[in-house]
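For reference, the structure discussed in these notes is given below.
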Amino acid sequence: MSSFIELTDIKKSYGRFDALKNVSMKLEQDAHYVIQGASGSGKSTLLYLMGGLDQPSSGKILFSGEDLALFGDEKLAHYRNTNVGFVFQFHFLLPSMNCLENILLPSRIGGFTNKQVKEEVLTIADHLGVTHCLKKFPYELSGGEQQRINIIRALSLKPKLLLCDEPTGNLDSTNSDKVISLIKELAEKYGSTLVVVTHNDSVACQFPFKFFLKDGILRD
Ligand code: ADP
Ligand code: MG
């Protein structure tokens, strides 16, 4: 049986610079992975490829046995919207919407009714202690609160794949540990395969399956 996600000989070049060099990896369903590497090692690039936000220069990415390169634009957009949740390194919350509207954006795009999603969102918000933030605008929140809103948005459609790019980048170590535990707990609850990328040892050591990325080269 094929793996949930399978990358074979992935190369990503920007001009003559190779950000990823022959990266191959297999990820199994429901498992939690961390990819550790220094700044500039290619972590974000790899995550964007997995999530279908960008395409490799060569190599193949299979999602449940299906080749992402063969998806048309519409199928790819649908794949991203319904299968993949992203927690970005920098908080991409839209400043003109309140936090609840930000969270419900993917479900609106996917054509889900707000009611279906809202109940679950309220439960997670309560669990993460940010219920009081939902009616506020992103600029009224602290960095830690904004990151929690990001996590709720990424999980709002119960993604099969949850990709987190340095999710604790700007949090102190206590809040960082809390956020990682919550992400793992929620990934478990929704049966999401979790991939976290980080440069941080204390984040990486909280995961059973580790990969290391150095100058675009991956090793176990
Ligand atoms: P990380 O997330 O590990 O810090 P990135 O994946 O962001 O690393 O970047 C890997 C390398 O690729 C870096 O040297 C970066 O400068 C380069 N890079 C990333 N995106 C681009 C781009 N759009 N154009 C040119 N170079 C890029
Ligand atoms: Mg990065």
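Read-outs: derived from the displayed coordinates by stated rules, not from any lab. Small disclaimer: the values here were computed from a predicted structure and weren't measured. We place every Cβ from the backbone using ideal geometry, glycine too, and count neighbours over all the protein chains shown.
Annotations for the structure displayed:
- Based on C-alpha pairs under 8 angstrom that are at least 6 apart in sequence, the stretch 27-139 has a relative contact order of 20 percent.
- Length-normalised contact order for the stretch 75-200 - Cα pairs under 8 Å, 6+ apart - percent: 34
- Principal axis extents of the Cα atoms in the stretch 29-177, from largest to smallest and rounded to whole angstrom, are 46, 38, 29.
- Efficiency of FRET from Cβ geometry, Leu70 and Ser202, R₀ 30 Å, rounded to 0.05: 0.15
- Cross-link partners of Lys21 among aspartates and glutamates (Cα-Cα below 14 Å; sequence separation of 8 or more within a chain): Asp9, Asp215
- Simple Cβ-charge dipole of the stretch 14-118, Lys/Arg +1 and Asp/Glu -1, about Cα centre, in debye nearest 20: 160
- Close Lys pairs in the stretch 22-129, defined as Cα atoms under 18 Å apart and 8 or more places apart or on different chains, number 4.
- Note on the stretch 110-201: with charges restricted to the Cβ of Lys and Arg (+1) and Asp and Glu (-1), its dipole about the Cα centre is near 480 debye.
- Label-point separation, Lys158 to Lys11 (7 Å along Cα→Cβ), nm: 4.2
- Mean-position separation - Cα centroids, the stretch 23-75 and the stretch 107-143, in angstrom: 28
- The stretch 163-204, relative contact order in percent, only Cα pairs under 8 angstrom and at least six apart counted: 56
- Label-point gap, in nm, between Glu101 and Lys60 - each point 7 angstrom along Cα→Cβ: 4.5
- Note on the chain: antiparallel DSSP beta bridges, both residues inside, total approximately 45 percent of the bridges counted.
- Assuming charge only on the beta carbon of Lys and Arg (+1) and of Asp and Glu (-1), the dipole of the chain about its Cα centre is about 220 debye to the nearest 20.
- Loop-located chymotrypsin sites (Phe, Trp or Tyr not before Pro) in the stretch 1-91 whose Cβ has at most 15 other Cβ within 10 Å (DSSP): Phe90
- Site-free segments of the chain were taken between trypsin sites (Lys or Arg not before Pro) in DSSP loops having at most 15 other Cβ atoms within 10 Å, sites themselves excluded; the longest one is 17-134.
- Dipole axis of the chain (+1 Lys, Arg; -1 Asp, Glu on Cβ), positive-most option in Gly59, His199, Leu27: Gly59
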